[in-house]
């Protein structure tokens, strides 16, 4: 049996997508799914525990895998991060649900908090779990952090076909009028991508069938282009990101590119915490 999965729910309809994906993963992996509903201290002091247990049971329904439930106390992001740090947890699953009246959305500060306070891979679910993931699309900036994220994503979802993309651009493009400049940059980036993939496959032989391509434009454009060009079903496509790359300062906060992609991409996103990966 695989290591357990933790999924957070606020009992909202939007959180059901994360729960459904976690249960599907539990069925596929024959593992326990631990379903948690965080309560701030005031709510916990006045909680009707029998009612909460009943609502949890109704939310889960007939589960296809072993289930555990918990009601951790504290601010939801802190309580969820604490649960995810539990020994042996392989994956944390979250949905873009609002967790308090101040508008603390998981596609925002709460995701940032959770990722800064747990080293567990975190799956942010946006789509209905109609089928297992068939494709993984992963971006790379050629850093050890992005290599680590790709290898971990493929390890967690070994049955999905892996596609690696690298976004490139011409610096000060508005001032560059000579076509050869773009051609030289593209050729250089192509060589770097080929070497990156060779090194990646030497580290993880299971990636031998991975595809790769260059896309001119921003990171969001590269990932979206890869998904659309092959007509992948967004509901069956998983985007894998490292929480930190080489750009900017290596800080405690979630990388700005990753934070933006969490908000803008339509696919489910697996974020691998890479803040401690050596550059």
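Just to be sure, is residue 63 in contact with a helix residue (DSSP H, G or I) (Cβ under 7 Å, 6 or more places away or on another chain) and in contact (Cβ under 8 Å) with a residue 24 or more places away in the chain? Against the criterion (in contact with a helix residue (DSSP H, G or I) (Cβ under 7 Å, 6 or more places away or on another chain) and in contact (Cβ under 8 Å) with a residue 24 or more places away in the chain), residue 63 qualifies. Could you grab me the full set of residues in segment 113-132 that are modelled with pLDDT under 80 and surrounded by fewer than 20 Cβ atoms within 10 Å (Cβ to Cβ)? Hit for segment 113-132 is 116, nothing else. Can you find a residue that is assigned to a strand (DSSP E or B) and under 24 Å from residue 3 (Cα atoms) anywhere in segment 139-157? The answer is no; no qualifying residue exists.
Would a scan of segment 54-69 turn up a residue that is at negative phi, modelled with pLDDT under 90 and part of a helix (DSSP H, G or I)? Within segment 54-69, not a single residue is at negative phi, modelled with pLDDT under 90 and part of a helix (DSSP H, G or I). Kindly check whether there is at least one residue in segment 89-103 that is at pLDDT 90 or above, loosely packed, with under 15 Cβ neighbours inside 10 Å and assigned to a loop (DSSP other than H, G, I, E, B). Checked segment 89-103: no residue is at pLDDT 90 or above, loosely packed, with under 15 Cβ neighbours inside 10 Å and assigned to a loop (DSSP other than H, G, I, E, B).
For residues in segment 1-20 being out of contact with any strand residue (DSSP E or B) (no Cβ under 6 Å at 6 or more places or on another chain), in a helix (DSSP H, G or I) and within 20 Å of residue 77 (Cα to Cα), which is modelled with the lowest pLDDT? Across segment 1-20, the extreme among qualifying residues is 15. Test each condition in (1) in contact with a strand residue (DSSP E or B) (Cβ under 8 Å, 6 or more places away or on another chain); (2) modelled with pLDDT under 90; (3) under 25 Å from residue 170 (Cβ atoms) for residue 197 and report the one that comes out false. Of (1) in contact with a strand residue (DSSP E or B) (Cβ under 8 Å, 6 or more places away or on another chain); (2) modelled with pLDDT under 90; (3) under 25 Å from residue 170 (Cβ atoms), only one is false for residue 197: (2). Checking each residue of segment 143-155 against the condition of being over 22 Å from residue 265 (Cβ atoms), out of contact with any helix residue (DSSP H, G or I) (no Cβ under 9 Å at 6 or more places or on another chain) and surrounded by 13 or more Cβ atoms within 10 Å (Cβ to Cβ) gives at least one match.
Selection over segment 21-53 of residues that are without any contact (Cβ under 8 Å) to a residue 12 or more places away in the chain and not in a helix (DSSP H, G or I) gives a count of 2.
The values are calculated or read from the model by the stated rules, or taken from the named source; none is laboratory data. Predicted model only: the values in this text are computed from it and were never measured. Cβ sites come from the backbone with ideal geometry, for glycine too, and all protein chains shown count toward neighbours.
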